[in-house]
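Participant: This is the structure, below, for whatever I ask next.
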Amino acid sequence: MADRIAEEKIDQIRQTVDIVEIISDYVQLKKQGRNYFGLCPFHGESTPSFSVSPDKQIFHCFGCGAGGNVFSFLMELEGVTFQEAAIKLAQKVNIDLEINLSPALGEKKVSKELQAMYDAHELLRKFYHHLLVNTKEGQHALEYLLGRGFTRESIDKFQIGYSLNSWDFVYKFLSKRDFLPEWMEKAGLIIKRERDGTYFDRFRDRIMFPIFDRNGNTIAFSGRSLGLDEPKYLNSPETAIFNKSKILYNYHLAKPSIKKMQHAILFEGFADCIAAQRSGVENGIATMGTSLTDEHISLLRQSSQSVTICYDSDKAGIEAAFRAGNHLNDAGFQIKIAIMSDGMDPDEYIKKNGPEKFRNEVLGASLTWMAFKFLYFRRGKNLQIEGERLAYIEVIIKEISKLTKAVERDHYLRQLAAEFSLSLDALNQQQKQIFFAEKRLSKGKSEPKNKPILLTQPANKLKPAHYTAERCLIAHMLKNREIAYKVQDLLAGNSFNIDEHQAIITYLLGFYEDHLEPDSSAFLTYIQDDNLRRMIANIEMMSINEELSNQELTDYIKQVLNYPKLLMIKEKEAEQKEAERQSDFTKAAAIGIEIIRLRKSL
């Protein structure tokens, strides 16, 4: 068997794989006309500019310019080689590549040290779980969990375990299996004593909650004490494989439900996420004791654009929900906030009131983002005092002015008017004043840090005629082999004026030597230059006439051939002015004749 993937296998993968299906694993797509649109995974944006064409099997972002076929999508997003992307796609559609695969081929290569960290965590996860559910040593921990409302189903689903009350069991257990102590210390599983350099276990006599990455690999643990031992939760330190800012607990299990429901429930900690799952909430995820980050949002946007935040209802939880809501709102998510009574967290609420009440009266009664702001800015204010009441009203009007939909602005202004017996016209007027005042203040200021940056292309800027003509010709050449050769003949040895355009048609004519039919996706595989791939994807997405008339073709060719002449005329006009400035009228007249000749040839 060979090590290199045969060309016919690449063609088979490309013809079998559906680019919409593949990209849907990473981007939430919605059909609009013939194409699908979503938020670009390659740059932050709040308005969908990422387009996928099922007909042409290509993608293109009108914001940042990214574009290509299914292979280049995986290569850019996951940072893999072409062969690794091909292997991953082949596995997805069950195509036998008939090549020798090394054990790790098709996956991003990791060092021996990192692989050992993954392997050790995976081994311990299985061992801890076995200790909890199958041994006398773990019996008391199992009874403790069952007494707190955990079920065997949830214990198995989340692979909860138990660590022995021993100072060095894990150290010996891993050492016997040839895991280097230095690496296991870096993995956060054991700790080195400063006084003598010996090692001891980080987790002892604790309920063990494994932490998984987005692919389901065990990368860390959180150990809960069984009694009064402090800390109540002992977590793995951040390591080369565990970064809290990038991990959403339960994402690997919840992702199918999130995609199906088009909605995620965001919790503040994994205990709440597990409790909610026991209540029938399958689309719950949680941060790992950190504020919501850009990495979290990037992961979330791959599955949904709608999130309910369900944090603790104490002061700290409300503040955290407000911060998370602002971050999600800036990223273009639809947000709701679930509120619980008496300062409880979701786990406590479910224990006290039951799963049905939690689903119906907490999640089902979630507030809109604006309704939550009404409550948030009211906290700590005595609205019977005129000054505080006016300050509150002004803050709320300012928030209402940020809403993009007129219906929403009207709804909340009416709500405010009714509550405080105010004139709707007066509130409307003040809302507009605040809106325009904020707009003036923001002019010239840099965007806030958490605001997604839209990398806009100068697509709307009027392009020179020759530039547009060349792109239209390429678009037709990509669709029709005969047109490609016809354009070549009409150019009569002349080149396109834009170097990248000339490179594209040179590649295209070479491609047509081996391919009788146009194939956008195949051509993008044929091209090796990433910049040209993006440009081709952009051109493919252009709107052009189905049929290219002889008149249209002639006009395009004329624009291409005329451009060098126009440049020559400009040069001659500059020379003529210089000759006149030096009083060399004979030379100026001769140049004038040349200019007239060039203009006639246009």
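The values are calculated or read from the model by the stated rules, or taken from the named source; none is laboratory data. Please read these numbers as outputs of a predicted model, since none were measured by experiment. Methodologically, a virtual Cβ is constructed for each residue, glycine included, from the backbone with ideal geometry; neighbour enumeration extends over all protein chains shown. Keep in mind that these areas ignore ligands, DNA and RNA; they rest on the heavy atoms of the full protein, side chains included. Shrake-Rupley method; radii C 1.70, N 1.55, O 1.52, S 1.80 Å.
Participant: Is it the case that some residue within segment 141-150 is among the acidic types (Asp, Glu), more than 39 Å from the chain's Cα centre (by Cα) and either within 21 Å of Lys112 (Cα to Cα) or at pLDDT 95 or above (or both)?
Facilitator: Yes, because at least one residue in segment 141-150 is among the acidic types (Asp, Glu), more than 39 Å from the chain's Cα centre (by Cα) and either within 21 Å of Lys112 (Cα to Cα) or at pLDDT 95 or above (or both).
Participant: Can you give me the number of residues within segment 24-55 that are buried (at least 22 other Cβ atoms within 10 Å of the Cβ) and closer than 27 Å to Asp96 by Cβ?
Facilitator: Result for segment 24-55: 0.
Participant: Same structure again: Which of (1) exposed (fewer than 13 other Cβ atoms within 10 Å of the Cβ); (2) within 33 Å of the chain's Cα centre (by Cα) does Leu228 not meet, given it meets every other one?
Facilitator: (2)
Participant: Kindly evaluate Ile309 against the criterion of being open to solvent by 10 Å² or more (accessible area, probe 1.4 Å) and of a type in the set (Val, Ile, Thr).
Facilitator: No; evaluated as a whole, the condition is false for this residue.
Participant: Here is a further query. Give the residues of segment 238-254 that are outside any helix (DSSP H, G or I) and touching a strand residue (DSSP E or B) at 6+ places or on another chain (Cβ under 8 Å), sorted by residue number. Spell out how you get there, then give the answer.
Facilitator: Taking segment 238-254 and keeping what is outside any helix (DSSP H, G or I), we get 238-243, 247-250.
Selection gives Thr239, Ile241, Phe242, Ile247, Leu248, Tyr249, Asn250.
Participant: Output yes when any residue across segment 352-367 is among the polar types (S, T, N, Q), open to solvent by 20 Å² or more (accessible area, probe 1.4 Å) and not in a loop (DSSP other than H, G, I, E, B), and no when none is.
Facilitator: yes
Participant: Look through Glu78, Glu84 and report the one residue that is surrounded by fewer than 24 Cβ atoms within 10 Å (Cβ to Cβ), over 14 Å from Ile539 (Cβ atoms) and more than 13 Å from the chain's Cα centre (by Cα).
Facilitator: When all the criteria are applied, what remains is Glu84.
Participant: Take the conditions outside any helix (DSSP H, G or I), open to solvent by less than 50 Å² (accessible area, probe 1.4 Å) and out of contact with any helix residue (DSSP H, G or I) (no Cβ under 8 Å at 6 or more places or on another chain) and apply them to Phe221. Does it pass?
Facilitator: no
Participant: Taking segment 39-60, which residues are of a type in the set (Gly, Ala, Ser) and modelled with pLDDT of 90 or more?
Facilitator: Taking segment 39-60 first, the residues of a type in the set (Gly, Ala, Ser) are 44, 46, 49, 51, 53.
Within segment 39-60, Ser51, Ser53 qualify.
Participant: On to the next question. State the number of residues belonging to segment 550-588 that are outside any helix (DSSP H, G or I) and touching a His at 6+ places or on another chain (Cβ under 6 Å).
Facilitator: Step one: filter segment 550-588 for residues outside any helix (DSSP H, G or I), giving 582-584.
Still in the list and also touching a His at 6+ places or on another chain (Cβ under 6 Å): none.
Going through segment 550-588 one residue at a time, the tally reaches 0.
Participant: I'm trying to understand the selection: among the residues of segment 538-574, which are open to solvent by less than 80 Å² (accessible area, probe 1.4 Å) and charged (D, E, K, R)?
Facilitator: Glu540, Glu552, Asp555, Lys565, Lys572, Glu573
Participant: Let me ask another. Hey, can you tell me all the residues within segment 503-531 that are within 28 Å of the chain's Cα centre (by Cα) and of a type outside the set (Ser, Thr, Tyr)?
Facilitator: Of everything in segment 503-531, those that are within 28 Å of the chain's Cα centre (by Cα) and of a type outside the set (Ser, Thr, Tyr) turn out to be Ala522, Phe523, Leu524, Ile527, Gln528, Asp529, Asp530, Asn531.
Participant: Name the one entry in Val407, Val395 that is open to solvent by less than 60 Å² (accessible area, probe 1.4 Å) and among the β-branched types (Val, Ile, Thr).
Facilitator: The match here is Val395.
Participant: Oh, and also: Would you confirm whether any residue within segment 480-495 is of a type in the set (Asp, Glu), modelled with pLDDT under 90 and open to solvent by 60 Å² or more (accessible area, probe 1.4 Å)?
Facilitator: No - not one qualifying residue is present in segment 480-495.
Participant: A further question follows. How many of the residues in segment 476-506 are in a helix (DSSP H, G or I), closer than 19 Å to Leu532 by Cβ and of a type in the set (Val, Ile, Thr)?
Facilitator: 4
Participant: Shifting gears a bit: Can you work out which of the residues in segment 113-130 that are surrounded by fewer than 21 Cβ atoms within 10 Å (Cβ to Cβ) and among the aliphatic types (A, V, I, L, M) is farthest from the chain's Cα centre (by Cα)?
Facilitator: Leu123
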